[in-house]
Amino acid sequence: MQPVGWACSSAGEHYVDIVGVTGSIPVTPTIFKKINSLQAKFLWWDIQGVHALYNPTYLFLSRNHIYYFRWPMPKHLHPAGKTSTVKVSLRTRTPQEALRLSRLLSYEGHRIVAYGIASGMQYREMRETLSKHFSQLLEAQRNHIDATGPLSQLDRSVLQGSLRVAEGAVGGRNTLSLTDDDNLTLQAFVAEYELPVESGTPEFEMLRRELHKAYRAYCRSVLQYDDEQRDYDFGARISGHQAGTFSDIDTEYFTLNAVVRDYIAENDQAKSWAPRSRDQKISQLSLLEEVLGSNTDIAKVTIKEAQHVKRVIMSYPKNKNKLPHTKHLSIDDILQRTGLERLSTQSMNGYIQTYGGLFEWARRQGYVKENVFSGLSIRKAKNSKPVRTGFTKEQVENMIDELVTNSHDLLTRDYQLWVTLIAVYTGARLNEICQLQTVDVKQENGVWCLSFNDEGEQKRLKTQASRRIVPIHSQLNELGFLTYCTEQQQSSNTRLFPELSYSPKHGYARMPSRWFNEQFLPRLGLKSRLLVFHSFRETMATALFHAGIEQPLVQSIVGHQREGVTQQHYFKDDYTIQQRRDALEKVSYSLPGQYR
């Protein structure tokens, strides 16, 4: 059964080349047209007794009649968890050659996917499996001690020796067996639990390190339990097997992992975190579980252990999971390494603040008696980091002049002009502006305004105070903003800046932020550590204060949280549109020549 290769024409004659058949077979124009149609659908056709076969789905023809190989990659093999496709040009227009090459590539595609699945075990899954394994061993040892009494001196000496070996393995000084490289032990463990980890992969090495740590913890736990059975302590907290009772039921306790899951779930329900903040907090909480252990009884976490977590954070490298030389480092490796670029003090305090938030929530739920992370923040050195400032009036007027005249050809998109000007005349946050929809431009009591809200898909606000209505400044209107808004509505655009794309991490703000901070400010000679897009908020707030506007009214315009019980709870009607408009109109700038 041979497939037809290709249809061709020359000097008004039509032919078909068939694989395995010498020469070309003449065909009628009708058959030729039918064959070309089938080729476009990637079919092998039936002609003169040759049976039809479908081309492989991974082989497709471009509009330039070049064959491409396309292979889908599973979501879990993509770093960002996205569905993706590998596409490779075969650099041929000949179907026979394309089919031959694609078969070879399809084999590689199967192999890569299979390898990825086999080596795709996640760190948390490893820890859970190891915890399950050694928890069962520990339970067996405790039952043995409960039944026969404390360990014999020989058994205890053997266990102490095993602990020293495990500590050496964790420190990289030896292996658990002292004679080989642990491969046999690891392979047996992988086989017992049917783990999707292959020898020679980074995951296999990660499993090796975690096995060393888990075995060390097991030895310590058995020795500790043996110590507890050699004496009496009537003031000790009853746990585990409930010393002093005849019950076989363990005292109920809550693991760190379970409490973290509940904490995240409650904040998700309340929508307390923006997507970017949520990802950051989950990453920080994962580190806490890595340091303390996912199955740790949260009620037993002491201030001493919290201080150990703080030491780890102070040694933690910047961008650990992004850099090849730090990506696979264990906590012990991190504590022993020198020369790594560490987190900033602000980032360190971010971790501690997240842990403090978790334990404060756990205290209110009755899981713990105290917040052991309270007061552990790292004190910043005086003047260690300059505080961002606002733009001067002269700098703003220089920016407006460039935005309107585009004398340096810096503006290539509409959003670059209007997003920046809206920030100038409102002091709004960048993403608040970028996510505006055309319906958010509306009249309130006869005044044209911008409504900053989270109504609609992929819209979010930083706080409840961010939800506000801000009048459109007369100078912004004079520069043509309302005309632009009308054009977007007439074009049936639902979003005010349809060119901007959305990402869960940055919202709609990534493109404007990069353009403003990396191109616009440097070209105008304004680039510094103190001046960024966010400086417009400081600029507007300062200008309003200098114009004699009271603080609560300023906060209502820029979307800051009100201060004081009176402002937060009793002043619910807020300021009128006219009051806000009058306040904003007190801030104005000199416009370029044609607008003066």
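The values are calculated or read from the model by the stated rules, or taken from the named source; none is laboratory data. What you see is a predicted model, and the numbers here were worked out from it, not measured in a lab. FYI the Cβ positions are ideal-geometry reconstructions off the backbone, even for glycines, and counts take in every protein chain you see.
What the table below lists for this structure:
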item	result
Count - residues of region 129-152 that are within 17 Å of Ser221 (Cα to Cα), of a type outside the set (Phe, Trp, Tyr) and part of a helix (DSSP H, G or I)	16
Selection count, region 276-321, where residues are closer than 19 Å to Asp333 by Cβ and basic (Lys, Arg)	4
Matching residues, region 516-528, being part of a helix (DSSP H, G or I) and in contact with a Leu (Cβ under 8 Å, 6 or more places away or on another chain)	Gln519, Phe520, Leu521, Arg523
Matching residues in region 441-471 - criterion: being of a type in the set (Ser, Thr, Tyr) and either on the phi > 0 side of the Ramachandran plot or at pLDDT below 90 (or both)	Thr463, Ser466
Residues that are free of Cβ contacts under 8 Å to residues at least 40 places away in the same chain and not β-branched (Val, Ile, Thr), drawn from region 146-161	Ala147, Ser152, Gln153, Leu154, Asp155, Ser157, Gly161
Residues (farther than 25 Å from Asp582 by Cα and in a loop (DSSP other than H, G, I, E, B)) located in region 390-427	Asn406, Ser407, His408, Asp409, Leu410, Leu411, Thr412, Arg413
Odd one out for Gln224 among (1) under 24 Å from Leu288 (Cα atoms); (2) surrounded by 11 or more Cβ atoms within 10 Å (Cβ to Cβ); (3) modelled with pLDDT of 75 or more	(2)
Enumeration of residues in region 466-485 that are part of a helix (DSSP H, G or I) and over 20 Å from Gln435 (Cβ atoms)	Ser474, Gln475, Asn477, Glu478, Thr483
Some residue of region 367-383 being modelled with pLDDT under 90, in a loop (DSSP other than H, G, I, E, B), surrounded by fewer than 19 Cβ atoms within 10 Å (Cβ to Cβ) and touching a Ser or Thr at 6+ places or on another chain (Cβ under 7 Å)	yes
Residue that is surrounded by the most Cβ atoms within 10 Å (Cβ to Cβ) [pool: residues in region 337-361 that are aliphatic (A, V, I, L, M) and in contact with a Ser or Thr (Cβ under 8 Å, 6 or more places away or on another chain)]	Ile352
Test result for Asn517, without any contact (Cβ under 8 Å) to a residue 60 or more places away in the chain and either farther than 28 Å from Gly390 by Cα or not assigned by TED's automatic domain parsing to the domain that holds Val404 (or both)	no
Any hit, region 495-507, residues being buried (at least 20 other Cβ atoms within 10 Å of the Cβ), in the same structural domain as Arg429 (by TED's automatic domain parsing) and modelled with pLDDT under 90	yes
Complete set of residues in region 400-428 that are more than 17 Å from Leu476 (Cα to Cα) and either acidic (Asp, Glu) or within 31 Å of the chain's Cα centre (by Cα) (or both)	Asp409, Leu411, Thr412, Arg413
Region 293-313, residues that are of a type outside the set (S, T, N, Q) and either out of contact with any helix residue (DSSP H, G or I) (no Cβ under 6 Å at 6 or more places or on another chain) or assigned by TED's automatic domain parsing to the domain that holds Leu211 (or both)	Gly293, Asp297, Ala299, Lys300, Val301, Ile303, Lys304, Glu305, Ala306, His308, Lys310, Arg311
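Here is a yes/no grid of residues against (1) farther than 30 Å from Ser528 by Cα; (2) touching a residue at least 24 places away in the same chain (Cβ under 8 Å); (3) within 28 Å of the chain's Cα centre (by Cα):
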| position | (1), (2), (3) |
| --- | --- |
| Leu285 | yes, yes, yes |
| Ile298 | yes, yes, yes |
| Arg311 | yes, yes, yes |
| Arg337 | yes, no, yes |
| Met348 | no, yes, yes |
| Ile352 | no, yes, yes |
| Glu394 | no, no, no |
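Yes/no per residue for (1) of a type in the set (A, V, I, L, M, F, W, C); (2) over 26 Å from Thr255 (Cα atoms); (3) modelled with pLDDT under 85:
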position: His308; (1), (2), (3): no, no, no
position: Ile313; (1), (2), (3): yes, no, no
position: Pro324; (1), (2), (3): no, yes, yes
position: Ile331; (1), (2), (3): yes, no, yes
position: Leu335; (1), (2), (3): yes, no, yes
position: Thr338; (1), (2), (3): no, yes, yes
position: Met348; (1), (2), (3): yes, no, no
position: Gly356; (1), (2), (3): no, no, no
position: Gln365; (1), (2), (3): no, no, no
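Quick grid of which residues meet (1) closer than 30 Å to Ala258 by Cα; (2) out of contact with any strand residue (DSSP E or B) (no Cβ under 6 Å at 6 or more places or on another chain); (3) touching a residue at least 60 places away in the same chain (Cβ under 8 Å); (4) not assigned by TED's automatic domain parsing to the domain that holds Ser294:
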| site | (1), (2), (3), (4) |
| --- | --- |
| Glu139 | yes, yes, no, yes |
| His144 | yes, yes, no, yes |
| Leu163 | yes, yes, yes, yes |
| Asn174 | no, yes, no, yes |
| Ala191 | yes, yes, no, yes |
| Pro202 | yes, yes, yes, yes |
| Arg209 | yes, yes, yes, yes |
| Tyr218 | yes, yes, yes, yes |
